[in-house]
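Heads up, the thing below is written out as C-alpha cells.
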Amino acid sequence: MSAGSASSGSAPLTGRALVAGAAEGAVLYSSEPLSFWGGYDAETGEIIDRRHPLTGRTGAGRIMAIPATRGSSTTTAVLLEAIRRGTAPAAFLTRGPDTFLALAAIVAAQLYHRAPPVIALAAEDFEVLRRMSRARVEPAGTVRVR
C-alpha cells in the first residue's frame, strides 16, 4: 500500500501480526527506537528516557508506534511487568519485526492471559502513522488510522 492512499484515512494499513489481537486508542508515534530498560516506567507507564523524543509522555493504553526497541532482553522484562501492572501500551506498531516486543507479548499471554498486539509494518506504512491521531488494530494485522 502506498502511504498516500493511507494518509487520507480511507485505506487501512496491512501489517504482519507478530502477536495477534485487537486494540484501539490514541497513537503515540516516534521515529526513534525506545529502550524499555531505563526508558519506560513499568509502574506508571511513563517514558522516562530523558533523551527520547517521547520523554514525559505516557504509553499506557496507547497505540505505541516505534520503529523498534533499543537494547536487549531487559526490554522484555520491563514490558512484561508493565503488562502485569496494566501500564503497558494497548498495542505496538513497528517498522518491521521486533522480537523483544513479540516475546514479551507472547509470555504475557501465557502468564496473564492478556497481551498487546504487536504488528510489523512496512517502512512506508509506518511513516503514515506520524500524521495520525488514532488507530484501531485488528487481529489479522490490519491497522485502521485517522
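Where a number appears in this text, it was derived from the coordinates with a stated rule and is not lab data. This is a predicted model, so every value here is computed, not measured. Glycine gets a Cβ as well: all are built from the backbone with ideal geometry, and neighbour counts include every protein chain shown.
At a glance:
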{"read-out": "Kirkwood-based shape ratio for region 10-146, expressed as Rg/Rh from alpha carbons", "value": "0.92"}
{"read-out": "Fluctuation leader among Tyr40, Tyr29, Tyr112 - the chain, Gaussian network, Cα springs under 10 angstrom", "value": "Tyr112"}
{"read-out": "Largest-first principal axis extents, alpha carbons of region 32-100, Å", "value": "27, 24, 21"}
{"read-out": "Theoretical gain in end-to-end length, Glu124 to Ser73 [0.36 nm per residue, Cα-Cα removed]", "value": "15.6 nm"}
{"read-out": "Helix 74-85 axis, angle to the chain major axis (alpha carbon atoms, nearest 10°)", "value": "90"}
{"read-out": "Where a label projected 7 Å from the Cα of Arg50 along Cα→Cβ would reach, residues of region 56-98 with amide N under 15 Å", "value": "56-57"}
{"read-out": "Using alpha-carbon coordinates, inclination of helix 99-112 to the longest axis of the chain, degrees", "value": "70"}
{"read-out": "Relative contact order of the chain, pairs being alpha-carbon contacts under 8 Å that are 6 or more residues apart, as %", "value": "36"}
{"read-out": "Under 5 Å, built H, 5+ apart or other chain: amide partners of Leu28", "value": "Ile63, Met64, Ala65"}
{"read-out": "Arg134 versus Tyr112: modelled label distance in nm, points set 7 Å from Cα along the beta carbon direction", "value": "2.5"}
